[in-house]
Amino acid sequence: MLIGILQTGLAPDALSPEMGDYPDMFMRLLDGNGFTYRVYRVVENEFPKSVTECDGWLITGSRHGVYEDHPWIPPLEQFIRDAFAARVPVVGICFGHQIVAQAMGGKVERYAGGWAVGATEYDFGGEKRVLNAWHRDQVTIAPKGATVLASNDFCTNAALLYDDRALTVQAHPEFRPEFVDGLMKTRGKGVVPDEVLAQAASRLDQPLNDKTMAAQIAAFFKAPRA
């Protein structure tokens, strides 16, 4: 199964030589599922020619906001709507989660409650999962027809399911603890409040349920569709 990775942001230059860029992280996360990959840097206006060019699409995280004025955001939203219409499965992570929601009529905002950073607990229908987070924006109003799969007190719409068309997650199952640590040291200082960074640093050793999330993503891609 060929997965097209729609890259909407770049990992920090100080971290990527050792830890890889965002597509590399997803390839590691989903390793063992028999997927092959093709990467499109949509953040640099590199788009697929068609939504059927790959068997499924994965939209990465980004330091950009989905509500910002970038020339690649409107065509990405249209691409998402076209993929929905063609029933080609889409998975969105963080920015990807938000851009799918916005494209389908939901609302994304800079959250007044501030930042979520590091190991964070989510309720997936009664199942506790701990995943790394790195966001201030979030989906404040889910699109009509989307089912909420996960939430917590900080983030109501932490994971959304759009029948068999899209699965999106606010957290970053692809982020390893050492990458979060690197983000805190490169992009966090002076942007994320010191107390939030300190709390996240204290949770760097907390066990994660990234493999559980990876299995759900893989199963979603592989699910039979008419």
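The table below gives the values:
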item: Residue check, Asn209 within 24 Å of Ala112 (Cα to Cα) and either surrounded by 14 or more Cβ atoms within 10 Å (Cβ to Cβ) or polar (S, T, N, Q) (or both); result: no
item: Selection count, region 117-153, where residues are farther than 16 Å from Met213 by Cβ, hydrophobic (A, V, I, L, M, F, W, C) and in contact with a Phe, Trp or Tyr (Cβ under 8 Å, 6 or more places away or on another chain); result: 2
item: Meets criteria (in a loop (DSSP other than H, G, I, E, B), surrounded by fewer than 16 Cβ atoms within 10 Å (Cβ to Cβ) and under 18 Å from the mean Cα position of the chain (by Cα)) for Glu68; result: yes
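Residue by residue, here is whether (1) of a type outside the set (Gly, Ala, Ser); (2) modelled with pLDDT under 95; (3) out of contact with any Gly (no Cβ under 9 Å at 6 or more places or on another chain); (4) under 19 Å from Val66 (Cβ atoms) holds:
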{"position": "Lys144", "(1), (2), (3), (4)": "yes, no, no, yes"}
{"position": "Asn152", "(1), (2), (3), (4)": "yes, no, yes, no"}
{"position": "Arg165", "(1), (2), (3), (4)": "yes, no, yes, yes"}
{"position": "Val180", "(1), (2), (3), (4)": "yes, no, no, no"}
{"position": "Arg187", "(1), (2), (3), (4)": "yes, yes, yes, yes"}
{"position": "Val192", "(1), (2), (3), (4)": "yes, yes, no, no"}
{"position": "Ala198", "(1), (2), (3), (4)": "no, no, yes, no"}
{"position": "Leu204", "(1), (2), (3), (4)": "yes, no, no, no"}
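Residue-by-condition table, conditions (1) more than 21 Å from Gln98 (Cα to Cα); (2) out of contact with any Leu (no Cβ under 9 Å at 6 or more places or on another chain):
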{"site": "Arg136", "(1), (2)": "no, yes"}
{"site": "Lys144", "(1), (2)": "no, yes"}
{"site": "Pro173", "(1), (2)": "no, no"}
{"site": "Glu178", "(1), (2)": "yes, no"}
{"site": "Ala201", "(1), (2)": "yes, yes"}
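The values are calculated or read from the model by the stated rules, or taken from the named source; none is laboratory data. What you are looking at is a predicted structure, and each value in this text was computed from that prediction instead of being measured. Because the Cβ atoms are built from the backbone with ideal geometry, glycine has one as well, and the counts that use them run over all protein chains shown.
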